[in-house]
Amino acid sequence: MPALRSALFLVLLGVGLLALARGQQTGPPRTLPGPFGPAQPGTFPAHWSDGTDCASEPALQVHFYNEDLVILRQGPCSNVFAPFLYLVFGAQRALLLDTGAPGDPPVAATVLPLVTSWMASHGVFSYELVVAHTHDHFDHTANDAQLIGQPLVTYVPPDLLSVQAFFGFTSWPGATATFDLGGRVLDLIPTPGHQAAGLTVYDRRTHLLLTDLVFPGHLYVFTPGEWPDFKASVARLRAWSETHPVTWVLGTHVDMSSTPGVVYPFGSPAHPDEHPLELAPAILSELDHALAGLASPACLTFDDCVVQPVFVCGF
């Protein structure tokens, strides 16, 4: 009986979170017809937690892009890196992409009820939650321990060998892989350059690119040896966007203001007047063209991001 009561509590809590998150949706959906058919539409909130009101902002903001894809934002009040996490549902399993930064946000206490609520609303009794990562940096893996060993959870360690083995990559970074959530296929694209195990996810249902390589902010490259990988990964995503319909590029941080070319200083505790999370896919061509013209690593400022090799221009 105690176990039954616990399960019921998780379902009811998940239903409450579901209703709350759906109430945040604003703005018209954007669709893009393509060879895979029209993209399943979604929305973004009018306002992400941005660190300007720590008394009222949640440590982990929940927003339903649509019924089957959830975006979570660990706010700057919890951690200045303020990462975004993605929860993607299929008929047989869900994928959680990243677990956030230090600050002890309630990742498990939020995600697990969302999963059980989704199961209940879809009449599903057997399910799996796969926990994986965009790459192996602490601001994306810090809360793994909250989920490891939990019911339903299959955990993929963030190191490169584990990622290659679990998802069945035949080579890296030259080959892509697919991961079927059950009626929902994700394409997995190697994108090292920021970190060796960098992974971008393309969702065939929404035509979204989920990535840590390109987002509105500092695109850090830490060593000279990673610079060629960064350039090649940007080119890989640009080529992908030319042969697949892409609605938006969704990253894992926002470090820019809405003023074109203006970034917040590294470690800023608040992001007033923040740039939207979503980027049009044209940013990939813009980046690739600029990078291809460089004879050596250099810092580049664009309206929507800043290429920042820290060995050249620091943080």
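Exactly one residue among Gly174, Gly183, Gly100, Gly168 is closer than 28 Å to Val246 by Cβ, in contact (Cβ under 8 Å) with a residue 60 or more places away in the chain and of a type outside the set (Asp, Glu), and that residue is Gly183. Looking across the range 132-160 at every residue that is in a helix (DSSP H, G or I) and in contact (Cβ under 8 Å) with a residue 40 or more places away in the chain, the one that is surrounded by the most Cβ atoms within 10 Å (Cβ to Cβ) is identified as His140. Summed over the range 115-131, the residues that are assigned to a helix (DSSP H, G or I) and closer than 30 Å to Val214 by Cβ give a count of 2. If I filter the range 190-204 for residues that are crowded, with 18+ Cβ neighbours inside 10 Å, more than 17 Å from the chain's Cα centre (by Cα) and modelled with pLDDT of 95 or more, do I get at least one hit? No: the range 190-204 contains no residue that is crowded, with 18+ Cβ neighbours inside 10 Å, more than 17 Å from the chain's Cα centre (by Cα) and modelled with pLDDT of 95 or more.
On the given criteria, is Leu112 assigned to a helix (DSSP H, G or I) and either surrounded by 21 or more Cβ atoms within 10 Å (Cβ to Cβ) or modelled with pLDDT of 95 or more (or both)? In short, yes. Taking only the range 207-232 into account, find how many residues are surrounded by fewer than 24 Cβ atoms within 10 Å (Cβ to Cβ) and polar (S, T, N, Q). Residues in the range 207-232 being surrounded by fewer than 24 Cβ atoms within 10 Å (Cβ to Cβ) and polar (S, T, N, Q): 1 in total. Would you confirm, using the coordinates I've provided, whether Pro276 is buried (at least 17 other Cβ atoms within 10 Å of the Cβ), at pLDDT 95 or above and not in a helix (DSSP H, G or I)? For Pro276, the condition - buried (at least 17 other Cβ atoms within 10 Å of the Cβ), at pLDDT 95 or above and not in a helix (DSSP H, G or I) - is not met. Evaluate the following for Gln92: is it surrounded by fewer than 24 Cβ atoms within 10 Å (Cβ to Cβ), polar (S, T, N, Q), under 20 Å from Val201 (Cα atoms) and touching a residue at least 24 places away in the same chain (Cβ under 8 Å)? Taking the combined requirement at face value, the residue satisfies it.
A quick yes/no check of all residues on (1) under 28 Å from Val131 (Cβ atoms); (2) free of Cβ contacts under 8 Å to residues at least 12 places away in the same chain; (3) out of contact with any strand residue (DSSP E or B) (no Cβ under 6 Å at 6 or more places or on another chain):
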residue	(1), (2), (3)
Asp212	yes, no, yes
Pro216	yes, no, no
Pro224	no, no, yes
Ala232	yes, no, yes
His244	yes, no, yes
Pro272	no, no, yes
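Checking each residue of the range 242-254 against the condition of being touching a His at 6+ places or on another chain (Cβ under 6 Å) and under 26 Å from Thr223 (Cα atoms) gives at least one match.
For (1) within 23 Å of Trp248 (Cα to Cα); (2) surrounded by fewer than 19 Cβ atoms within 10 Å (Cβ to Cβ); (3) within 18 Å of the chain's Cα centre (by Cα), each residue gets a yes or a no:
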| site | (1), (2), (3) |
| --- | --- |
| Pro83 | yes, no, yes |
| Tyr86 | yes, no, yes |
| Pro102 | no, yes, yes |
| Trp118 | no, no, no |
| Phe125 | no, yes, no |
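Go over the candidates Ala298, Ala280, Ala270, Ala290 one by one and state the one that is within 19 Å of Asp203 (Cα to Cα) and of a type outside the set (Ser, Thr, Tyr). Criteria check complete, one pass: Ala280.
The values are calculated or read from the model by the stated rules, or taken from the named source; none is laboratory data. Treat the numbers as computed from the prediction; the structure is a model and nothing was measured. Reconstructed Cβ throughout: ideal geometry from the backbone, glycine too, with neighbour counts over all protein chains shown.
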